[in-house]
């Protein structure tokens, strides 16, 4: 089991009765909207409780602190992003790549504030939020590797190459949601073709990782 699986990326981290789980999820949904409109530092616990129409003690009960609340929101966003990107296991490799990247872009487009928080590593230098971001990267790299090579764990060269591609995807996606000058379909095809080039480069440098036939056709 890898670190991402051990730490639970993409899985809800909740315990308790169905009612308490539902209440916690409701507070997280409210928090995602609040932090989308207002910066972390600008929101006090009193502000959060007032805008959420709940007692402040309820938020402390579920999350212990404002930081705990914020981290829970980030982790919930991560779970959704990874879930969208990791679907389609039953699809052929070419269709799965398209679905993975389309799901990634859909999430970024629909949840821009959460996406920015995940990719930027949170407010200022926040090691814990950055660790969550790194888990997302590993989970998505493993998803792409499984689609390309049939296994999630690969050698240093393909892992580094796929991680480099993903980092470029993050930068391009941030620019895309800021400017919206390209349609999602065009953006998806651009990222897919970039991935095809990376897979071919991996094959040239390490023949033990042959690119899928689809990569030679532009994926």
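Could you tell me which of the residues 73, 48 is over 30 Å from residue 182 (Cα atoms) and surrounded by 17 or more Cβ atoms within 10 Å (Cβ to Cβ)?
48
Quick one: would you say residue 162 is modelled with pLDDT of 95 or more, buried (at least 20 other Cβ atoms within 10 Å of the Cβ) and in a helix (DSSP H, G or I)?
Criteria met by residue 162.
Which of (1) closer than 28 Å to residue 76 by Cβ; (2) surrounded by 14 or more Cβ atoms within 10 Å (Cβ to Cβ) does residue 149 not meet, given it meets every other one?
Residue 149 satisfies all of (1) closer than 28 Å to residue 76 by Cβ; (2) surrounded by 14 or more Cβ atoms within 10 Å (Cβ to Cβ) except (1).
So that you can scan it fast, the table gives a plain yes or no per residue for (1) closer than 18 Å to residue 95 by Cβ; (2) more than 20 Å from the chain's Cα centre (by Cα):
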| position | (1), (2) |
| --- | --- |
| 152 | no, no |
| 162 | no, no |
| 184 | yes, no |
| 190 | yes, no |
| 193 | yes, yes |
| 211 | yes, yes |
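I'd like the full set of residues that are assigned to a loop (DSSP other than H, G, I, E, B) and either under 17 Å from residue 142 (Cα atoms) or free of Cβ contacts under 8 Å to residues at least 60 places away in the same chain (or both), limited to the stretch 63-114.
Matches in the stretch 63-114: 64, 65, 86, 87, 88, 89, 90, 91, 92.
The values are calculated or read from the model by the stated rules, or taken from the named source; none is laboratory data. None of these values were measured; they are calculated from a predicted model. Because the Cβ atoms are built from the backbone with ideal geometry, glycine has one as well, and the counts that use them run over all protein chains shown.
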